[in-house]
Amino acid sequence: MSRISFFRKHVPAIIVVLFGVWAMPSGAFAEIIGFEVLEWQQSLNGTVRVDDGSLSGTDADLQEDLGLDEKDYLTQERLWLHVKRHTILGAHLESNRTGRETLSSPLVFGGMAFAPGDTVKSRLELRQDSLLYRYDFIDVPMFKLGIPFGAERLHFKSRVESTISGLSADASDGGTFPVAGLGFSLHPIPMLHVSGEVEGMRLHLQGNRFRFYDARGQVEIHFAPFLGLNLGYRRGVTDVDLEDFGKADFKFKGPFATLTFRF
């Protein structure tokens, strides 16, 4: 399900901000605080299984069984505070997909059984929040290499409803777990930056299992001391088994463009 992007909704405000900051002298920008708006053409594939107590659900394919759109346009906001070798980053990302599909095999979802031939409407909501601290143990004029670590919060909400009987089932759950990674940036010339980062973790925590990684690589072009445009590619895996939800095994990837403000 495509939705109106952040940029199209906020173009007038962005234009006003750009003109206002252009009028300020370049020396006013210390690049201590940054804000990033990422527009991502995400492809999402995988399976989801929603249990009901001891009754295990069916491993349902997101597209073939639930009819969810594979591609969607998502917006992520990220804010950071940077002082010398130290950076604190907070990010928020949401995905809301809906679908409709006629079942070719039985589907057990949240304790409810849906028969072959039934047409079901489905919805999957994902929310991803993170708070990271990064220390750059290499920090020279043209190159930085650092280790980010912190916490990742994932939340899932799903629903399946029969268009024939009206019966429905839904579930929601989430978890917070630690992540660590590696990030680098290369500055061959002042107006061009090349960077990459990856965060992830694999662990069992309080009866829940998490396998997660999120990686991105990008080229950033600086139009002014305060403004940059990133073009890149992002991919990752979210594979979790939650006691009060079931199992989700997702793979995501796709190109993105980012508008970055630095002050």
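Taking a straight Cα-Cα cut-off under 28 Å and skipping sequence neighbours fewer than 8 places away in the same chain, the lysines within cross-link reach of Lys121 are Lys71, Lys157, Lys247, Lys251, Lys253. Cross-link partners of Lys144 among lysines, defined as those whose alpha carbon lies under 22 angstrom from its own and excluding same-chain residues fewer than eight positions apart: Lys84. The radius of gyration of the Cα set in segment 6-262, together with its Dmax, comes out at 21.1, 67 angstrom. In whole percent, what relative contact order does segment 75-199 give with Cα contacts below 8 Å and a gap of six or more residues? Reported relative contact order: 21 percent. Phi angles across segment 32-37 convert, under the Karplus curve 6.51 cos²θ - 1.76 cosθ + 1.60 with θ = phi - 60°, into 3J(HN,Hα) values of 8, 10, x, 9, 10, 10 Hz, Gly and Pro given as x. Compared with the dominant Cα axis of the chain, that is its longest principal axis, helix 6-22 is turned about 10°.
Mean residue ellipticity, 222 nm, helices only, the chain: the sum of -39500 (n - 2.57) across DSSP H runs of n ≥ 4, divided by residue count and rounded to 500, is -2000 deg cm²/dmol. Peptides 80-88, 100-108, ordered by how many other C-beta atoms sit within 10 Å of their residues on average, highest first, read 100-108, 80-88.
No lab work stands behind these numbers, since they all come straight from the coordinates. Here the structure is a predicted model, which is why all the values come from computation and not from measurement. A quick note on method: Cβ atoms are made from the backbone with ideal geometry, for glycine too, and the neighbour counts reach across all protein chains shown.
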